[in-house]
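Reviewing the structure listed below.
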Amino acid sequence: MRLLLLSIWLSCGGWLYAQDGISVISLSEYLGYVKSFHPIVKQANLIISESEAKLLKSRGAFDPKFEVDYDRKKFKDLEYFDKLKSTFKIPTWFGVEFKADFERNSGVFLNPEADVPEDGLYSVGVSVPLARGLLTNKRMAMLRQSRLFVKKARAERLLVINDILYDATVTYFNWLRHYNENQIFNDFLANAQMRFDGIKKSYEVGERPAVDTLEARITLNTRRLNLEKSRIKFVKASLELSNFLWLNNDTPIEIKDGIIPDVNTIETVDETLNTSSLNVENFDINGHPKLKSLDFKIRSLTIEKRLKRNTLLPKIDLQYNFLSETPDEARTFSTSEYKAGLHVHLPLFLRKERGDLKLAKLKLQDTQFELKSTQVTLQNKIDAINQELDSYVLQNEYTAVIVSDYTKLLTAEERKFFLGESSLFLVNSRESKLIDVKLKAVEIENDFFKTKANLFNVMAASDTEITP
């Protein structure tokens, strides 16, 4: 694993930068690698590939077709019939189909209507739907819907990527929180160790009572216990962060000792997540991938409704074919020699067709209601998150003042203690209060970061390019 970590440093180049032997990974660099190499992000790209494959499949309905039908029967040296028919068809957009046929038949028991010249009979014709299927048909609807599915897939891809980046961002913020907490306990452990050593020496020379060394040792071990609990939390957070880090060859990365988060993340979080006040004010709710996806779905269902409405029309298909024995001579195709037909189909009650149309209308209305509801919900969520962020800004300011005041109180109490005007109990009490308020400050900062991540998730800002 150490070799893997070394390969990460070599391959990432500027991804990690050293500070006094410590490697720092910023939020933007971290998200850049998540967006580039995470398997779920790559899986999201398959959504577009799948929709493009369906589009290709729907276009196949307009491919020219060549058909050959050969049938022969021979029994007791008697040829009953030998029939050959080949057809070339060209479907077009508005349901019109052009075709060319060649037919050659022979045999003793051949149906009289299948009699053709000895060298065969050629025909060139067209099939036209006069009612149902002329302005819209299943072939046209599938192609139009497939084009919309490609656009819808792009919007859904953004939503999938946005969700994985949101989860990764929250995990990074939790990692940062546990790192900050670990640093707090580590700093105060050093203070407790220094205080214990000083009091112990004072006791040895007879300047302090033994009870002070006992209290100092209790405080020291308490700080050690808190630091160990904090260290385990940080290790677990590091492993959770590793779930989102991969190399280009689908190799997972494990965060090791010496790699820490950026403690100045608060200065770059808006730029990284694209959640600055200016971006929020200029945010176009109608451009949200979720709303775009629903809009494409509505347009697809509208096409479906038109198709179902078209089935209420009678099915009237007209066929006309010019016949000729010598197709190489164009003048031989004339209106005097032809084969034509008319097919009419109309159910009397149209109950199936009317039922399908009603279902299509209901699906369309349901999606339209969902679009309106989603639009209002997204806008309200953004407004609520903005107010929550404003509150956290004030809470951070208040907490900073409280931390400063408690720090001054602790400094003053320590000075009085070493002058013999205070007790170790008061010093420890002041220090415990300072630790609590610093931990509270870290918690509030983490809540602020998570709210930023929620805003990022609601705005679906993951389409912004993030480069590692």
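Computed on the chain, the Cα convex hull volume stands at 270 Å³ per residue. Set the Förster radius R0 to 56 Å, insert the Cβ-Cβ distance between Val235 and Asp69 as r into 1/(1 + (r/R0)^6), and round the FRET efficiency to 0.05. Here the calculated transfer efficiency is 0.15. In the chain, a dipole from Cβ-located charges (positive for Lys and Arg, negative for Asp and Glu) runs towards its positive end, and of Val170, Ser300, Gln387 it is Ser300 whose Cα lies farthest in that direction.
Taking all Cα-Cα distances within the stretch 57-121, those exceeding 18 Å account for 50%. A Cβ-based charge dipole, computed about the Cα centre of the stretch 335-468 with Lys and Arg at +1 and Asp and Glu at -1, lands at about 820 debye. What is the P(r) of the stretch 88-173, as percent of Cα-Cα pairs per 5 Å bin from 0? Each 5 Å bin holds this share of Cα pairs: 3, 10, 11, 9, 9, 8, 9, 8, 6, 5, 5, 4, 4, 3, 2, 2, 1, 0. The modelled label-to-label distance between Ser422 and Leu348, using points 7 Å beyond Cα along the C-beta direction, is 10.2 nm. Normalised by residue count, the stretch 244-364 yields a Cα convex hull volume of 347 Å³ per residue.
Over the stretch 219-260, the reciprocal of the mean inverse Cα-Cα separation, the Kirkwood hydrodynamic radius, stands at 11.9 Å.
Computed per residue of the chain from DSSP H runs no shorter than four, each worth -39500 (n - 2.57), the mean residue ellipticity at 222 nm is -21500 deg cm²/dmol. For the chain, the fraction of 1.4 Å probe accessible surface lying on carbon and sulfur atoms is 54 percent. Rounded to the nearest 20, the size of the Cβ-charge dipole of the chain about its Cα centre is 1580 debye, with Lys and Arg at +1 and Asp and Glu at -1. Using a probe of 1.4 angstrom and keeping all protein chains present, the accessible surface of the chain works out to 58 square angstrom per residue. Computed over the chain, relative contact order equals 22 percent, with contacts defined as Cα pairs under 8 Å that lie 6+ residues apart. Between Asp436 and Thr268, the FRET efficiency from the beta-carbon distance, with R0 = 22 Å, is close to 0.20. Measuring between their Cα centroids, the stretch 207-286 and the stretch 296-341 lie 70 Å from each other.
For the chain, the residue among Leu55, Leu434, Ser230 whose Cα projects farthest onto the positive side of the dipole built from Cβ charges is Leu55. Spin-label model, Asp163 to Val211: label points 7 Å out along the Cα-to-beta-carbon direction sit 6.2 nm apart. Among the listed pairs Lys54/Lys363; Lys42/Lys233; Lys89/Lys297; Lys35/Lys229, those with a Cα-Cα distance over 27 Å are Lys42/Lys233; Lys89/Lys297; Lys35/Lys229. Computed from the C-alpha gyration tensor, the three semi-axes of the ellipsoid equivalent to the stretch 306-391 are 59, 22, 5 Å, from longest to shortest. Stretching Thr332 away from Ile402 to a fully extended chain increases their span by 15.0 nm, per 0.36 nm per residue minus the current alpha-carbon distance.
Across the alpha-carbon atoms of the stretch 350-468, the computed radius of gyration and Dmax are 27.7, 101 angstrom. For the stretch 298-326, backbone nitrogen atoms closer than 14 Å to the point 7 Å from Thr92 Cα along Cα-to-C-beta are found at 318-320.
Given R0 = 51 Å, the distance between the Cβ atoms of Thr222 and Asp250 translates into a calculated FRET efficiency of 0.65.
The values are calculated or read from the model by the stated rules, or taken from the named source; none is laboratory data. Predicted, not measured: the structure shown is a model, and the values here were computed from it. Methodologically, a virtual Cβ is constructed for each residue, glycine included, from the backbone with ideal geometry; neighbour enumeration extends over all protein chains shown. Keep in mind that these areas ignore ligands, DNA and RNA; they rest on the heavy atoms of the full protein, side chains included. Shrake-Rupley method; radii C 1.70, N 1.55, O 1.52, S 1.80 Å.
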